[in-house]
Amino acid sequence: MTDSIFKRIEEKRGELIALTQDLIRIPTLNPPGENYREICEFLAKRLEPRGYTCTLIRAKGAPGDSDRYPRWNIVARRDGSRAGDCVHFNSHTDVVEVGQGWTRDPFGGALEGDLIYGRGACDMKGGLAASIIAAEAFVEEHPDYCGAIEISGTADEESGGYGGVAYLAEQGYFDPKRVQHVIIPEPLGHDRICLGHRGGWWAEIETKGEIAHGCMPFLGDCAVRHMGAVLDAFEEKLYPAMAKRFTEMPVIPDGARQSTMNINSIHGGQPEQPADYTGLPAHCVPDSCKIVIDRRFLIEEGIDATQAEVVDLLDDIKANRPGFDYELREINRVIPSMTAKDAPIVTTVHDAIRDVLGQDPAYVASPGSYDQKHIDRIGTLKNCIAYGPGELEMAHKPDEYIAVTEMLDSARVMARSLQTLLLSD
Ligand SMILES: [Zn+2]
């Protein structure tokens, strides 16, 4: 059984390459979110003749959705001949900006040796193509399978997924009653299983002051100095406390095994002038200073404690520093997600990797986040992993590429997983 499907996938090498190239040649840049409709129609045109029922869904009213840049998604479903579980492959169709430093056409899809080049080759059109080829090989091999296969192409993962997976989850597409297993073919490597990701909490903190003439600062109150007290407290208390906390989750790279916080921006006082402005600054005591923090927290910490730790610190300064006042505005929050190692999708893909590669997979977790957060929190579906071809380090880089051999290996693992989950005997 196994040999025959692996051979079938090998025979589809040319088709896999062509499909990956075709996907790369549809420039689905986000922002602004271009050609989502085009890529959905392309996928429907491929999948419908192969027995899939395709639904195109626009995330009306989602952030970024407009008539000029509509957020289109596709869910393709192919039911088997008998009842059973539904296995869903979810890929985001958007790619990030091209950036500088390319030596190939970013939307050309050039094949050189084993590598296909292009923006999105690795993140994650190669993974999407591999999952389609895997499903097609499986259906040809086992036309009488039970349950259902779903393939979705979703918008906006690179900007939070609100016009994509989050929207579909709100519409019930990831209800555990209709979908039982989810594989997200993000580029975590053909030999690794990604169980989830850390949490994130973004907030703007503003310190308040009082404007006065800069030659008599004692008549005002400097909001930037108050922010200095906040940054001091971060250095003295918050960062050392965070550095002591490590997660049990297998987060990569190693530095992300602990709590981290980036101070994303700082601004106080008069607005910055354009570079060609030749005037001098006016003499004012700033009455406002703002920072944006990007706090990545561990599943063991939780969102409430993460937030409370910062608020307590600010309240402590307020109690002890004359004139200090602040406002805190939450910008966004992402809960951590972690699928259990004994979840059916994990053990299935684990065994499939062993069958295909002859070695046990490594378990990893993502330092950032990806669409699993929405499937977990909104969809309440816990049986979800990221597994797909490509090197994470290659994502978003110039001359992004995907290796054909890695796509073929991943497709074998996915097809083998379908055999485990959708063949009853
Ligand atoms: Zn991605």
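The values are calculated or read from the model by the stated rules, or taken from the named source; none is laboratory data. If you're wondering where the values come from, they're calculated on a predicted model, not measured in any experiment. Virtual Cβ from ideal backbone geometry, glycine too; neighbours counted across all protein chains shown.
The single residue among G64, G147, G109 that is over 20 Å from T28 (Cα atoms), surrounded by fewer than 24 Cβ atoms within 10 Å (Cβ to Cβ), in contact (Cβ under 8 Å) with a residue 24 or more places away in the chain and away from the ligand (no atom under 16 Å from the Cβ) turns out to be G147. Residues considered: G199, G189, G160. Of these, the only one that is under 21 Å from A256 (Cα atoms), away from the ligand (no atom under 16 Å from the Cβ), in contact (Cβ under 8 Å) with a residue 60 or more places away in the chain and within 17 Å of the chain's Cα centre (by Cα) is G199.
Summed over region 35-62, residues that are in contact with a Ser or Thr (Cβ under 6 Å, 6 or more places away or on another chain) and of a type in the set (A, V, I, L, M, F, W, C) total 1.
Please indicate, with yes or no, whether at least one residue in region 164-179 is in a loop (DSSP other than H, G, I, E, B), within 16 Å of the ligand (Cβ to nearest atom) and surrounded by fewer than 24 Cβ atoms within 10 Å (Cβ to Cβ).
Start the filter on region 164-179 by keeping residues that are in a loop (DSSP other than H, G, I, E, B), which leaves 164, 171-179.
Okay, now just the ones that are also within 16 Å of the ligand (Cβ to nearest atom), so 164.
With the extra rule that they be surrounded by fewer than 24 Cβ atoms within 10 Å (Cβ to Cβ), the set shrinks to none.
Scanning region 164-179 turns up no residue that is in a loop (DSSP other than H, G, I, E, B), within 16 Å of the ligand (Cβ to nearest atom) and surrounded by fewer than 24 Cβ atoms within 10 Å (Cβ to Cβ).
Candidates R8, R77: the one that is closer than 30 Å to D355 by Cα, out of contact with any Ser or Thr (no Cβ under 9 Å at 6 or more places or on another chain) and basic (K, R) is R8.
I'd like to check something: does region 387-399 contain any residue that is modelled with pLDDT of 95 or more and part of a helix (DSSP H, G or I)? So far as region 387-399 goes, no, none of its residues is modelled with pLDDT of 95 or more and part of a helix (DSSP H, G or I). Considering the conditions (1) surrounded by fewer than 24 Cβ atoms within 10 Å (Cβ to Cβ); (2) more than 16 Å from the ligand (Cβ to nearest atom), A134 is excluded by exactly one of them, (1). Which pairs turn up if I take residues in region 401-412 that are small (G, A, S) and modelled with pLDDT of 95 or more and look for partners that are in a strand (DSSP E or B) and surrounded by fewer than 24 Cβ atoms within 10 Å (Cβ to Cβ) with beta carbon separation below 8 Å, at least 6 apart in sequence or on another chain? Hits for this filter: A403/L115.
Check A148, A137 and return the single one that is assigned to a helix (DSSP H, G or I) and either within 21 Å of H197 (Cα to Cα) or of a type outside the set (V, I, T) (or both). Lay out the reasoning, then the answer.
Details: A148 fails: assigned to a helix (DSSP H, G or I).
The conditions single out A137.
Quick test for you: out of A155, A121, pick the one residue that is in contact (Cβ under 8 Å) with a residue 60 or more places away in the chain, more than 18 Å from Y387 (Cβ to Cβ), within 16 Å of the ligand (Cβ to nearest atom) and not acidic (D, E). Give the derivation first.
On the way: A121 fails: more than 18 Å from Y387 (Cβ to Cβ).
Just a single option satisfies the conditions, and that option is A155.
The lone criterion from (1) surrounded by 18 or more Cβ atoms within 10 Å (Cβ to Cβ); (2) more than 30 Å from I385 (Cα to Cα) left unmet by F297 is number (2). Quick check on region 15-53: of everything there that is assigned to a loop (DSSP other than H, G, I, E, B) and among the charged types (D, E, K, R), which residue is nearest to A110 (Cα to Cα)? Among residues in region 15-53 that are assigned to a loop (DSSP other than H, G, I, E, B) and among the charged types (D, E, K, R), the one nearest to A110 (Cα to Cα) is R25.
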